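Shown next, in structure tokens, is the structure this report addresses.
The values are calculated or read from the model by the stated rules, or taken from the named source; none is laboratory data. Since the model is a prediction, treat every value here as computed from it, not as a measurement. A quick note on method: Cβ atoms are made from the backbone with ideal geometry, for glycine too, and the neighbour counts reach across all protein chains shown.
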């Protein structure tokens, strides 16, 4: 079942007037307060059903500020489900009261995006989200915890993907969807080495500026015990843009045992940090790498392995591989053969012909 409630809500809640300011969400559960602000000289707010002329009896609590503005706060427990209007003599705003057994999902995006939410109960919700304002979905009659998954064009990453969200009655989830994907420079690493978490954007560096220049509170990294992470400087990560932009460098401890390790990242929206996105991936620590992994990430000028850059067979690396014929390839335990070299040369030729 596909529902477009999110789009309907965004279009149906409109402002009029220039004085009255709505501070609370435009979609309220009965347990949430309605909060508005009025300007000096503006009359007290009243509430009425949408398209009705008759106000209902609601008690507002008043808090005055030194600049003359006034905060008005009221409970909406006595209001039925539906669209309501709060108004003064200078302006008005509509808001929606929803069933307490429903759940609300608000989605904030960096770029115009078609968003779909699929629940474990078989329902699908879709809507077109725009950066100017969050897109809101209402999932009705949630009993207990219901799993849901957010699908959007930039979550096609094979390395990292948005995790599920859990819906509860009278619960508000705020999800941030970035206009880029996150990738690992290498999914296989050696103890004592570093790898990079990088950004891939269809719009180039412009689409990454908010995070490359962002403060630390916009990203939180959860690592295995003993692992360390640091930001890669803007001058380094943007020095030669090739699609993959290294962003965070993760150091693997020298004593890390072979096995699979989980990583988590929490990204917060630069415009509204209340919206976040939880991403997770896995890294495999091994004692040896394949020949292609080593040759494709060898830093020839420094004669060392560099797992912070994506795998690429370059001419310089091909020449280095040729010098190893008959000898052991570092970090692999394998001998370089002419057959291996021929395969690498053919891959390099294909990549340069594209």
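Need at least 3 residues that are surrounded by fewer than 16 Cβ atoms within 10 Å (Cβ to Cβ) per element, so show me which strands (runs of 3 or more DSSP E) inside segment 33-76 make the cut, counting only ones lying wholly within it. Write out each step before concluding.
Details: elements: 33-38, 46-49, 60-64, 70-75.
Here the list reads 60-64.
For segment 261-280, name all the residues that are within 22 Å of residue 246 (Cβ to Cβ) and out of contact with any helix residue (DSSP H, G or I) (no Cβ under 8 Å at 6 or more places or on another chain). Lay out the reasoning, then the answer.
At the first step, the residues of segment 261-280 found to be within 22 Å of residue 246 (Cβ to Cβ) are 261-268, 270, 277-280.
Matches in segment 261-280: 261, 262, 263, 264, 265, 266, 277, 278, 279, 280.
Within segment 225-247, the set of residues being modelled with pLDDT of 90 or more and surrounded by 14 or more Cβ atoms within 10 Å (Cβ to Cβ) comprises 227, 229. Elements of the type helices (runs of 4 or more DSSP H) sitting completely within segment 281-354 and holding at least 3 residues that are farther than 25 Å from residue 244 by Cβ: these cover 338-353.
If you go through segment 97-112 one residue at a time, do you hit one that is buried (at least 18 other Cβ atoms within 10 Å of the Cβ), assigned to a loop (DSSP other than H, G, I, E, B) and out of contact with any helix residue (DSSP H, G or I) (no Cβ under 9 Å at 6 or more places or on another chain)? Among the residues of segment 97-112, at least one is buried (at least 18 other Cβ atoms within 10 Å of the Cβ), assigned to a loop (DSSP other than H, G, I, E, B) and out of contact with any helix residue (DSSP H, G or I) (no Cβ under 9 Å at 6 or more places or on another chain), which makes the answer yes.
For the condition in contact (Cβ under 8 Å) with a residue 60 or more places away in the chain, farther than 30 Å from residue 108 by Cα and surrounded by fewer than 18 Cβ atoms within 10 Å (Cβ to Cβ), residue 319 does not qualify. For segment 255-275, a residue qualifies if it is in a strand (DSSP E or B) and surrounded by 14 or more Cβ atoms within 10 Å (Cβ to Cβ), and the qualifying residues are 261, 263, 264, 265, 266, 267, 268.
If you go through segment 39-53 and pick out every residue that is modelled with pLDDT of 95 or more and under 19 Å from residue 70 (Cα atoms), you end up with 3. From the list 295, 313, 329, the one residue that fits, being at pLDDT below 95, in contact with a helix residue (DSSP H, G or I) (Cβ under 9 Å, 6 or more places away or on another chain), over 17 Å from residue 184 (Cα atoms) and not assigned by TED's automatic domain parsing to the domain that holds residue 245, is 313.
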